[in-house]
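Peer 1: First, the structure itself, so that you have it in front of you.
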Amino acid sequence: MDHFDYLVVGSGLFGATFAYRATKAGKKCLVIDKRPQLGGNVYCENIEGINVHKYGAHIFHTSNKSVWDFVNSIVEFNRYTNSPVANYKGKLYNLPFNMNTFYQMWGVITPQQAQAKIDEQKAEAEAALNGREPANLEEQALTLVGKDIFEKLIKEYTEKQWGRNCKDLPAFIIKRLPVRMVFDNNYFNDKYQGIPIGGYNKLIDGLLEGVERKTSVDFFAEYKDSWRNIADKLVYTGAIDEYFDFKLGKLDWRTVSFKTRIEDMPNYQSNAVVNYTSHDQPYTRIIEHKHFEMFGQTVYDCPKTVVSEEYSTEYKDGMEPYYPVNNDRNNALAEEYRKLAAAEDDVIFGGRLGQYKYFDMAPIIEQVLNMEII
Ligand SMILES: Cc1cc2nc3c(=O)[nH]c(=O)nc-3n(C[C@H](O)[C@H](O)[C@H](O)COP(=O)(O)OP(=O)(O)OC[C@H]3O[C@@H](n4cnc5c(N)ncnc54)[C@H](O)[C@@H]3O)c2cc1C
């Protein structure tokens with residue numbers, strides 16, 4: 001077998017961007033992934049001519065011009081703007097909380113009226129606390145935005161996400177709840193956002209062009225003990241605890257499961273993201289994938305649509321590890337694993353799983369762009 005400068009475990013954005021840069025620097029890389037396809041969590045499956053975000057909806061956003069220019073040098077991005085809508089018991093509200101939301105909630109039409117309503121409800125929550133600090137998420141949220149917004153748009157959605165009553169969740173989960181006194185439904189504050197034209201697979205294909213890759217190959221089954229025979233260095237983007245055979249204990253994850261179906265109509269919900277904020281539906285959101293990349297008439301030129309219900313799910317072995325659980329136990333355990341990782345010769349631990357930290361896509365790319373490749 002050929003000899004490589006780098007064996008890259010994982011073809012997600014970390015591994016693919018690393019392989020791209022290393023190849024440009026004249027290094028030879030082999031990228032492997034245990035999944036049957038490349039791209040990690042940004043992989044899209046084409047169903048009925050629609051790019052379906054198989055591992056959860058992904059919207060690229062950043063204020064970092066170098067990152068934006070870099071991804072656009074691989075594939076041009078469209079002008080998708082994330083503006084989710086919340087459905088609470090059949091009534092629709094714009095998100096994030098802004099003047100449209102306040103008009104829908106109370107019929108108020110000026111920022112002064114909206115602020116007065118919020119201040120009045122925040123004051124009620126403060127009075128109920130009688131001088132003490134909020135003891136749980138419910139009390140915290142009530143003091144930040146008041147009763148109406150909390151009950152219709154936060155409470156039951158958060159309970160579905162965490163599988164627990166808001167009174168039993170710690171206050172620190174919600175530190176801030178920004179309200180916008182303008183009519184602006186753009187969810188992100190970043191300067192740039194969008195979706196690769198033609199889908200995320202184009203981004204991954206562009207990054208991995210000319211790079212040797214193998215899918216359906218698990219590092220632990222095939223290379224763990226022998227990788228030094230084929231490569232000088234290892235870039236590992238799998239789970240950090242698994243690399244060390246879980247010897248200090250298993251890190252916890254949160255996950256999401258998806259129920260995806262084809263609807264025989266061109267337009268199901270008129271928006272990519274609709275949050276269901278009451279317990280009436282067991283899912284937290286419905287994603288209608290075509291709206292990430294089809295706009296105006298093109299929505300109707302594609303006769304069918306694909307929607308995914310998202311269910312917040314307790315993680316068990318064999319499921320997709322999506323979000324690190326940042327409680328004291330996991331933070332301390334991850335730190336111990338990071339110490340072991342730092343002592344490994346010739347191994348770079350990267351990405352979401354390899355660092356046991358949640359990162360959006362842009363910061364992952366930024367990390368790799370800032371790395372020295374030797
Ligand atoms: C549900 C969800 C929604 C998200 N939405 C957004 C969003 O809207 N916007 C945004 O900016 N970011 C979003 N993110 C974050 C984004 O997914 C990450 O920033 C990005 O995936 C990180 O890339 P990565 O390479 O670190 O990890 P991954 O994409 O997870 O790639 C890791 C790869 O390693 C492979 N692998 C693991 N172990 C092995 C092994 N033993 N052998 C071989 N291969 C292995 C896996 O199969 C996987 O393909 C979201 C994340 C989740 C979970």
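Peer 1: Over all directions, average the projected area of the Cα convex hull of region 96-173 and note it in nm².
Peer 2: 5.1 nm²
Peer 1: I would also like to ask the following. So for the pair GLU344, TYR323, with labels modelled 7 Å out along Cα→Cβ, what separation do we get in nm?
Peer 2: 2.6 nm
Peer 1: While we're looking at this one, here's another question. Between ASP218 and GLU263, 0.36 nm times their residue separation minus their Cα-Cα distance comes to what?
Peer 2: Taking ASP218 through GLU263 to full extension adds about 12.7 nm, to one decimal.
Peer 1: When the chain is treated as a GNM, springs tying every alpha-carbon pair under 10 Å, which of GLN112, GLN355, GLN104 comes out with the largest mean-square fluctuation?
Peer 2: GLN112
Peer 1: Counting only the backbone N, which residues of region 174-200 are under 19 Å from the spot 7 Å out from the Cα of GLU45 toward its beta-carbon?
Peer 2: Within reach of a label on GLU45, which here means backbone N under 19 Å from a point 7 Å along Cα→Cβ, region 174-200 contributes 199-200.
Peer 1: In a shell of Cβ-Cβ distance under 13 Å around LYS147, excluding LYS147 itself, what net charge do Lys and Arg (+1) and Asp and Glu (-1) give?
Peer 2: It works out to a net charge of -4.
Peer 1: Skipping prolines and chain starts, which residues have an amide H placed within reach, meaning under 5 Å, of the one on GLN37, given they are 5 or more residues away or on another chain?
Peer 2: SER216
Peer 1: Which of the pairs LYS224/LYS290; LYS89/LYS304; LYS152/LYS259; LYS65/LYS339; LYS24/LYS290; LYS175/LYS357 have their Cα atoms more than 29 Å apart in this structure?
Peer 2: LYS224/LYS290; LYS65/LYS339; LYS24/LYS290
Peer 1: Also, I was wondering about something else. Sorted by mean Cβ packing within 10 Å, highest first, what order do the peptides 178-186, 84-92 take?
Peer 2: Output ranking for 178-186, 84-92: 84-92, 178-186.
Peer 1: If I model a spin label at ARG132 and PHE295 as a point 7 Å from the Cα along the Cα→Cβ vector, what separation in nanometres do I get?
Peer 2: With each label placed 7 Å out from Cα toward Cβ, I get 5.2 nm.
Peer 1: Going 7 Å from the Cα of ARG228 along its beta-carbon direction, which residues of region 1-34 have the amide nitrogen within less than 15 Å of the resulting point?
Peer 2: Under cut-off, by backbone N: 7.
Peer 1: Counting only other residues whose beta carbon sits under 14 Å from that of ASN186, what net charge do I get with K and R as +1, D and E as -1?
Peer 2: My count for the surroundings of ASN186 gives +1.
Peer 1: In the neighborhood of ALA22, defined by Cβ-to-Cβ distances under 9 Å, what is the net charge if each Lys or Arg adds +1 and each Asp or Glu adds -1?
Peer 2: Every neighbour counted, the sum reads +3.
Peer 1: Hand me the GluC sites (Glu not before Pro) from region 128-216 located in a DSSP loop with no more than 15 other Cβ atoms within 10 Å, in residue order please.
Peer 2: Hits after loop and neighbour filter: GLU209.
Peer 1: Restricting to the chain, what percent of DSSP beta bridges are antiparallel, rounded to 5?
Peer 2: 65 percent
Peer 1: What ranking of ASP252, ASP241, ASP345 emerges when the number of other C-beta atoms within 10 Å of each C-beta is taken as an exposure proxy, fewest first?
Peer 2: Listing ASP252, ASP241, ASP345 from fewest to most nearby Cβ atoms yields ASP345, ASP252, ASP241.
Quick note: the coordinates plus some simple rules give every number you see, no bench work behind them. It should be emphasised that the depicted structure is a prediction, and the values quoted were computed from it without experimental measurement. All Cβ positions, even for glycine, are placed from backbone atoms using ideal geometry, and neighbour counts span all protein chains on display.
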